[in-house]
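Worksheet: one structure, shown below.
The values are calculated or read from the model by the stated rules, or taken from the named source; none is laboratory data. Because the structure is a prediction, the values reported are computed rather than measured. Note that each Cβ is placed from the backbone with ideal geometry, even for glycine, and that neighbours are counted across all protein chains shown.
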Amino acid sequence: MYRYDNGSLFCEQVNLEEIARSVGTPCYVYSSRSILNAWRAYDEAFGDIPHVVCYAVKANSSLAVLSMLAKAGSGFDIVSGGELFRVLKAGGDPARVVFSGVGKTATEIEAALRSGIRNFNCESEGELNEIDSVAGKLGVTAQFSLRVNPDVDAVTHPYISTGLRDHKFGIDIAAASDVYRRTRSLSNVRASGVSCHIGSQILDYSPILEAAGKVLNLIESLQAEGLPIDHVDLGGGLGIAYQPGDEAPGIRDFITDMRERIGRARLTVMIEPGRSIAGPAGVLLTRVLYRKKSPAKEFIVVDAAMNDLIRPALYKAHHEIRPLRQTEGKTVIADVVGPVCETGDFLARDREMADVQPDDWLAVSSAGAYGFVQASNYNSRPRGAEVLVEDDKWRVIRTRETYEDLIHGETM
């Protein structure tokens, strides 16, 4: 959805320079068409198999994005009470919400049960006991899946790999049957599924299919024991192309292969994509402040920083960076850095870049997921605006923070 037209970078039919001039920088811009096309690719690829595509809210939790997906019929995967609050505010159907995460509090569990969510993805017996206790006080029955750990390597960055035995997530798949059996003694919970998620930014999805095979074998044995397992939740994790040379998996190809792996199992399939829906849809716009040269380096100093997009500093992640006005000829090898007082404050290192000058604008690509949601106010920097593009129209969906916003709630 991003392309050059007559030398200017467009999102859908909107010139990004128009947004940069009107809204200022740094700011995030999202393509509504890109988001909806990706979600529908998942949904339509399942065909007539019973399924729920639950968008992973942690990837991008903007109310406008959530509202747009809710209207399209999306379910939602949440990992906190705050994300539940956002989904409900955005008009999401609680009956299509699954609550994942290792550290749910009693307050969050109660809010989820009162709202009528579909299912909890549970990660420990202690959590199951807490859900049983809260559900008992409310006089309801909570449906749950155990998130099992299949000990499958996602072959991704170690910080976003979640499927090995030494990770904090899930219950060892070898111990899962015993845990399911013990839950029969709990009066206020009902086992309805098995869940699995092995990691994020997966470019070769064969590990997901391997994990699915192990989970399906477990479900078959649980059903043979009379447990009412009616769905399988295979998580998210499909990666996107962040840099030249990356080959993003095709969403429809992935779901087609998953359907073949699931075969004739009479199960509702749940899946929780986030990055592959929101990631390619977004860019971070930033303005060049200064050019600087040291004996060893050239620097392009911009007004966006690690507090706006932490992925390069946190994961050494690569994001393509393009000028809003296309240039010909001269390039420069430089670090693209921000104003934050940390050596780790960079958006790119030793990158061949257009030879941009102060007051030129840049677009940091593939920033629609794990961008604004991980932003902070470090160095007392207000967070930027968010903008949603719809064909030839655009609107601000989150206003830029002010200095007064920075001290809201504080006292002396």
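Here are a few things to note about the model shown:
- Test result for ALA20, closer than 21 Å to VAL396 by Cα and in contact (Cβ under 8 Å) with a residue 60 or more places away in the chain: yes
- Residue tally, condition buried (at least 20 other Cβ atoms within 10 Å of the Cβ) and either over 13 Å from GLY116 (Cβ atoms) or under 14 Å from the mean Cα position of the chain (by Cα) (or both), over region 88-100: 2
- Qualifying residue in region 65-78 (condition: farther than 18 Å from LEU388 by Cα and surrounded by fewer than 22 Cβ atoms within 10 Å (Cβ to Cβ)): yes
- For first residues located in region 218-233 and in the same structural domain as ALA265 (by TED's automatic domain parsing) and touching a residue at least 60 places away in the same chain (Cβ under 8 Å), partners that are of a type in the set (S, T, N, Q) and surrounded by 11 or more Cβ atoms within 10 Å (Cβ to Cβ) and lie 6+ apart or on another chain with Cβ distances below 6 Å form the pairs HIS231/THR268; ASP233/SER145; ASP233/SER195.
- All of THR141, THR162 fail the test of being of a type in the set (Ser, Thr, Tyr), in contact with a strand residue (DSSP E or B) (Cβ under 8 Å, 6 or more places away or on another chain) and at pLDDT below 95, apart from THR162.
- Residue in region 221-242 that is in a helix (DSSP H, G or I) and either aliphatic (A, V, I, L, M) or closer than 25 Å to PHE76 by Cβ (or both) present: yes
- Matching residues in region 110-121 - criterion: being closer than 21 Å to HIS197 by Cβ and either crowded, with 23+ Cβ neighbours inside 10 Å or touching a Leu at 6+ places or on another chain (Cβ under 8 Å) (or both): ALA112, ILE117, ASN119, PHE120, ASN121
- Failed criterion for LEU84 (all others in (1) without any contact (Cβ under 8 Å) to a residue 40 or more places away in the chain; (2) assigned to a loop (DSSP other than H, G, I, E, B) hold): (2)
- Selection count where residues are within 20 Å of ARG287 (Cα to Cα), among the charged types (D, E, K, R) and in a loop (DSSP other than H, G, I, E, B), scope region 375-407: 4
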